[in-house]
Amino acid sequence: QVKNKAPAEVQITAEQLLREAKERELELLPPPPQQKITDVEELNDYKLRKRKTFEDNIRKNRTVISNWIKYAQWEESLKEIQRARSIYERALDVDYRNVTLWLKYAEMEMKNRQVNHARNIWDRAITTLPRVNQFWYKYTYMEEMLGNVAGSRQVFERWMEWQPEEQAWHSYINFELRYKEVDRARTIYERYILFTLLVIVHPDVKNWIKYARFEEKHSYFAHARKVYERAVEFFGEEHMDEHLYVAFAKFEENQKEFERVRVIYKYALDRIPKQDAQNLFKNYTIFEKKFGDRRGIEDIIVSKRRFQYEEEVKANPHNYDAWFDYLRLVESDADAETVREVYERSIANVPPIQEKRHWKRYIYLWINYALYEELEAKASKRTRQVYQACIELIPHKKFTFAKIWLLYAQFEIRQKNLPLARRALGTSIGKCPKNKLFKGYIELELQLREFDRCRKLYEKFLEFAPENCTSWIKFAELETILGDIDRARAIYELAIGQPRLDMPEVLWKSYIDFEIEQEEYEKTRNLYRRLLQRTQHVKVWISFAQFELSAGREGSLSRCRQIYEEANKAMRNCEEKEERVMLLESWRNFEEEFGTDTTKERIDKLMPEKIKKRRKLQAEDGSDAGWEEYYDYIFPEDTANQPNLKLLAMAKLWKKQQQESEAAEMDPDKDIDESQS
């Protein structure tokens, strides 16, 4: 019975037990005692015990081949070759597929110089297990070491009938080369190439390259070139590999055939996908730097940039800036068909959204395409087709591009096909009228001196956009140039009578300038009066006064002064005091130049006083945002009518006097010093 059932102070875990057991395994056991055999009987007894031990182990587990091999090796160590051979044969009956067993058996026969026995074993091994390459290698090596070259060749031939892997063929070729049998090696290469063509679905180019290098190494350059050409023809354009072309080019480079090298590189670069041709491009660059001229190096750079642009447009086909850069590169260094192909690929990427902002960059691809066909390729027919295809593609019901229509019309004019140009512009105005289209069409007819057509176009234009003041002005100017003053005046009258105008001040100014040019001063005055009925803007008054001054007739100064006085009276109630100040300054400048002392003194009395004020600011949410200082103007005319302003001025003066008296009381020494001085 255990009296103290409390846990022990030192606890032993299962992990600790396992670790100690493992450590004790490493402890060195004492070696077995040496047994000295003194006579034959003891030796026979020892052999009997050992054989019984081996036989017991085999009987326990026949499938453990290591027991058989140890048994056979022990018998071999005793020079009991027949017994060892018998053990190996018994083991082969148990597991004839064991590779190690065959190897140990054959090695035993070879070590004991039993060559025929070894041959027999190798023959049995390669017959039983023909797919074990190690047997073939060992067999051929043994025959070669024995000097039996014909026998070794015969073994290789038997091996080749089984269509082994690549290394076996190369071992056979190297065997023939060791004995200077170049023709035999070539025959083996041909057989292997034929084997790859017939059996292997995707043959590797490295076998062709090795064959060609073999021919090159033995100075059969014509044969080597033929091998490369056969390889290129065999792989075709579907399974092109850059390694083949790099090797072919380097071979031709070694033969000093630089033009052939260039052709090979360019042929490969044009057909191999760019992402698979990095090494090819690198070798081409090195070649051109070594043997090429400046033009060749530039071609390399262009090819590299083309590859970069191809990657960009492949990643994002709607990256029109990349297309522009790519097209500029291609136009600078490519034939017309290549340029057209790139243009066709670029314009095929139509913006997916029918919004004009998405089409603005895209439409320039068409423009550049048309300009290229016209200016570079000199193909007017294709240019017309490009313009027409572009016009058909644009969704004119949603938006249009006036530039395309105008460029198409200008192209037809350059081709001396005026009816087509007019038809295109007429269609554009009918489908999708725009200010720019009207202006371009009118400018075209003006250059052709077709003034009647210009009048009709202006009429259509003003029906489409009656608020466009620039169109009214241009129409009136056209009639003025043609000498039809009444039509021009009527156009101006229609224009100022429109209920809505985008720039009415420009239109009125143009009308006034028109009447001044015609020296119709009375009509000009009436225009100013009509304008002042609509607006009391200070610039209108100043312009009216300057007109009266510049009229150059008797009484112009008095009329000008009268205009200023009217303006001053009209602007007394104006909220914008800066405009009133601007008017008075203009009036003062006038009086300083043309007035008398009395008028100058009078205008000086009208000039306002500039004072600084503060006002409270509020933020957007209504909270206080502090105070802001600003300048205000007090006009003497307004002060006379507002007695509160006089009272405010007197209060400010009194406050100033009070501050001066307080300062004097605070500093009596200053007063004494001043009295002494």
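The values are calculated or read from the model by the stated rules, or taken from the named source; none is laboratory data. Note that this is a predicted model, so its numbers are computed, not measured. Note: ideal-geometry Cβ built from the backbone for every residue, glycine included; neighbour counts use all protein chains shown. Note: accessible area is taken over every heavy atom of the protein model, side chains too, but ligands, DNA and RNA are not part of it. Shrake-Rupley method; radii C 1.70, N 1.55, O 1.52, S 1.80 Å.
The table below lists the values:
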read-out	value
Qualifying aspartates and glutamates (Cα of each under 13 Å from Cα of K266; at least 8 residues distant if same chain)	E242, E288, D299
H218 - accessible surface, heavy atoms, 1.4 Å probe, Å² rounded to 10	60 Å²
Low-density loop positions, GluC sites (Glu not before Pro), segment 308-376 - DSSP coil, at most 16 other Cβ in 10 Å	E355
Segment 410-431 versus segment 457-477: alpha-carbon centroid distance in Å	21 Å
Prolate/oblate/rounded call for segment 309-414, Cα gyration tensor, a/c under 1.5 rounded	oblate
Label-point separation, N57 to Q447 (7 Å along Cα→Cβ), nm	10.8 nm
Gyration tensor (alpha-carbon) shape descriptor, segment 206-292, a/c threshold 1.5	oblate
Integer Hz, Karplus 6.51/-1.76/1.60 couplings in order for segment 395-410, x for Gly and Pro	x, 5, 5, 9, 6, 8, 10, 4, 4, 5, 4, 5, 5, 5, 5, 5
Average Cα contact separation per residue, the chain, under 8 Å, 6 or more apart, as relative contact order %	3 percent
Rounded, prolate or oblate (a/c below 1.5 giving rounded, otherwise prolate when a/b exceeds b/c) for segment 100-206 by Cα gyration tensor	oblate
Cα-based reach from K652 at 17 Å (exclusive), listing lysines while leaving out same-chain residues under 8 positions away	K610, K612, K613
Charge context of Q163, other residues only, Cβ under 14 angstrom, K/R +1, D/E -1	-1
Cα centre as origin, Lys/Arg/Asp/Glu Cβ charges: segment 397-454 dipole, Debye	320 debye
Cα pair count fraction exceeding 21 Å, expressed as % - segment 33-163	48 percent
Dipole-positive endmost among H170, Y511, L584 within the chain (Cβ charges, Cα centre)	H170
Mean projected area (nm²) of the alpha-carbon convex hull when segment 119-164 is viewed from all directions	2.7 nm²
Relative contact order, percent, segment 483-599 [alpha-carbon distance under 8 Å, six or more residues apart]	16 percent
Heavy-atom accessible surface of segment 206-292: percent carbon and sulfur, 1.4 Å	49 percent
H239 accessible area, 1.4 Å probe, all protein chains in place, Å² to nearest 10	100 Å²
Sequence of E662, E242 from largest to smallest accessible area, 1.4 Å probe	E662, E242
On Cα atoms only, tilt of 538-550 relative to the major axis of the chain in degrees	60 degrees
Solvent exposure ordering (accessible area, 1.4 Å, most first) of L327, L653	L653, L327
Share of Cα-Cα pairs in the chain lying beyond 48 Å, as whole percent	65 percent
Solvent-accessible heavy-atom area per residue, rounded to whole Å², over the chain at 1.4 Å	63 Å²
Unsatisfied cross-links (Cα-Cα over 32 Å) in the set K403/K456; K436/K577; K217/K314	K436/K577; K217/K314
Spin-label model distance (nm) - K397 vs Q498, 7 Å beyond Cα toward Cβ	2.9 nm
Accessible surface, 1.4 Å probe, highest first, among residues Y137, Y309	Y137, Y309
F195 - accessible surface, heavy atoms, 1.4 Å probe, Å² rounded to 10	30 Å²
Sequence-distant lysines (8 or more away, or on other chains) whose Cα lies within less than 18 Å of K416	K378, K381
Leading residue at positive end of dipole, the chain (Cβ point charges), from N254, F594, I209	I209
Gain on full stretching of the segment that runs from E25 to K226 - 0.36 nm per residue minus C-alpha separation	65.5 nm
Given charges at Cβ of Lys, Arg, Asp, Glu: segment 54-142 dipole, positive-most of N98, P130, S77	P130
log10 of Debye I(q)/I(0), alpha-carbon scatterers only, for segment 466-535 at 0.12, 0.24 Å⁻¹	-0.27, -1.10
Too-long pairs where the Cα-Cα distance tops 32 Å, listed order kept, from K138/K250; K104/K210; K138/K226; K509/K569	K138/K250; K104/K210; K138/K226
Degrees separating the helix 435-447 axis from the principal Cα axis of the chain, which is the longest one	70 degrees
